[in-house]
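No lab work stands behind these numbers, since they all come straight from the coordinates. Please read all numbers here as calculations on a predicted model, not as lab measurements. Neighbour counts run over all protein chains shown; Cβ positions are idealised from the backbone, glycine included.
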There are 2 protein chains.
Amino acid sequence: MHVNLKEKFSKFSEHWHPYIIGELNENHIKIAKVKGELIWHKHDHEDELFIVLEGTLMMDFRDKTIATKPGEILVVPKGVEHKPWTRDEEVKIMLVEPKSTKHTGDLIVEQTVTDQKWI
Amino acid sequence: MHVNLKEKFSKFSEHWHPYIIGELNENHIKIAKVKGELIWHKHDHEDELFIVLEGTLMMDFRDKTIATKPGEILVVPKGVEHKPWTRDEEVKIMLVEPKSTKHTGDLIVEQTVTDQKWI
């Protein structure tokens, strides 16, 4: 499976809506455009890998904030509360996480996408 | 876990020697510098994700060759024979694959790294 990320990103414009672009063992590979902020949440059983492709992804933890840029990666361990947000820019990210992962954790909010689709 | 890839790449120079930079559920996140060619091999039980950061990664399959560049990803499904190689350049890649994955599959050759280390 060979995927051009720019081509996939050109197919949608919503923010905080992850789309699946590949699978890897029991994980999905997803991409998303994000801007503004998501809610505080955690994933009890799943680590999440964030790869930043464009812009700066800000991630609040209860004890610190981490800025992740292109050329850097961030793994949020299972069980750890986190809240992603951005400054006034659209940020493009790629995620690798177990297929079971819900992007707003155990919370269902307005931004929650329940039918995750391939693109 | 927050990792700067450039900083990690500055710590080694060997080719075809993957180093572990993170873990994600039952997977390792690894980086490698590659140049020249590796052997034909397969992983019976593990899909492998290749993310190209610099240069062009060439991948021979029995029926085709795929060139993967920065901004593209390649997943080699379990059981599929493949042979990575490069043109006359050093290529920097990031990999995500199950912890059990051996980089030369079920073959032990001169290039096989048996003690995969964190960097």
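In region B:22-47, of all residues being facing chain A (nearest Cβ under 8 Å) and in a strand (DSSP E or B), the one that is surrounded by the fewest Cβ atoms within 10 Å (Cβ to Cβ) corresponds to B:Glu23. Just to be sure before I move on: is A:Gly22 in contact with a helix residue (DSSP H, G or I) (Cβ under 6 Å, 6 or more places away or on another chain) and within 19 Å of B:Glu72 (Cβ to Cβ) in the structure I sent? In short, no.
For region B:6-14, state whether one or more residues are of a type outside the set (Ser, Thr, Tyr), within 14 Å of another protein chain (Cβ to nearest Cβ) and part of a strand (DSSP E or B).
no
Criterion first (more than 12 Å from the chain's Cα centre (by Cα) and in contact (Cβ under 8 Å) with a residue 40 or more places away in the chain) does A:Val109 satisfy it?
yes
Flag: A:Phe50 matches the condition of being of a type outside the set (Val, Ile, Thr) and within 13 Å of chain B (Cβ to nearest Cβ). Scanning region B:54-93 for residues that are within 21 Å of A:Glu23 (Cα to Cα), assigned to a strand (DSSP E or B), of a type outside the set (A, V, I, L, M) and in contact (Cβ under 8 Å) with a residue 24 or more places away in the chain yields a total of 4. On the stretch given as region B:67-118, residues that are more than 14 Å from every other protein chain (Cβ to nearest Cβ) and of a type in the set (Val, Ile, Thr) total 8. If we scan region A:97-116, do we find a residue that is of a type in the set (Ser, Thr, Tyr) and assigned to a strand (DSSP E or B)? So far as region A:97-116 goes, no, none of its residues is of a type in the set (Ser, Thr, Tyr) and assigned to a strand (DSSP E or B). If a residue has to be more than 8 Å from every other protein chain (Cβ to nearest Cβ) and surrounded by fewer than 17 Cβ atoms within 10 Å (Cβ to Cβ) to count, how many in region A:54-66 make the cut? The qualifying residues number 8.
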